[in-house]
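The structure under discussion appears below in the form of structure tokens.
Throughout, read-outs are computed from the coordinates displayed, never taken from laboratory work. Just so it is clear, the structure is predicted and the values come from calculations on it, not from any experiment. Glycine gets a Cβ as well: all are built from the backbone with ideal geometry, and neighbour counts include every protein chain shown.
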Amino acid sequence: MAEAYRRFVPLLEVAVRRKLHQEMRSRFDTLDFVQDVWASFLAAPADEDRFSSSEALIAFLCQIARNKVTTVARKRFMSEKDSVNAEIHPTEAGNRLYARTPTPSQWVMESEEFENILSQFPIGHQAIVRRLREGYTNEDIAELTKVSLSTVNRVVKRLKELAGR
């Protein structure tokens, strides 16, 4: 069986690559399909007289490979979430790609804007604004800064007014 594997793997790889859509090649490895073909073949009940020649066996294995690629392609093309048509190639994306984190210049600008807003509050309220930025709840801030919840709510309201909301 090891000899058959070594002999037929290159032929199965060709069969998979021919059937695998160009835009799906970056998502799937050809060898994964080849291994899946062998797993399906070996899981079937053994029948020694099933194939009259090695050509019949490779034709059968290639058909399994084509069927597996077709099944995966249909699943990918049919679902909106994974549609390769919805994907944008990096060379075509232009300005449509966005980082998940701010760039250094964006971070500096945001910090300057925050400091500008912070300077518009009395020193006692600046601690509240800082804690809001850190993600604390109004109740937690009231407890940490030892002020009433209504004071925290007034600072939040003023902060929203300054931000234009």
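Which GluC sites (Glu not before Pro) from segment 17-67 combine a DSSP loop assignment with at most 12 other Cβ atoms within 10 Å? Those satisfying the criteria are E48.
Using C-alpha pairs under 8 Å with a sequence gap of at least 6, the mean separation divided by the residue count of segment 104-163 gives a relative contact order of 27 percent.
Please say if segment 104-163 is rounded, prolate or oblate, where rounded means a/c under 1.5 for a ≥ b ≥ c the square roots of the C-alpha gyration tensor eigenvalues, and otherwise the choice is prolate for a/b larger than b/c and oblate otherwise? It comes out prolate by the Cα gyration axes. The peptide list 154-160, 32-38, 104-110, put in order of mean Cβ contacts within 10 Å with the highest first, becomes 32-38, 154-160, 104-110. Along segment 146-151 the Karplus relation, 6.51 cos²θ - 1.76 cosθ + 1.60 evaluated at θ = phi - 60°, assigns HN-Hα couplings of 6, 10, 6, 4, 5, 5 Hz to successive residues, with x for each Gly and Pro.
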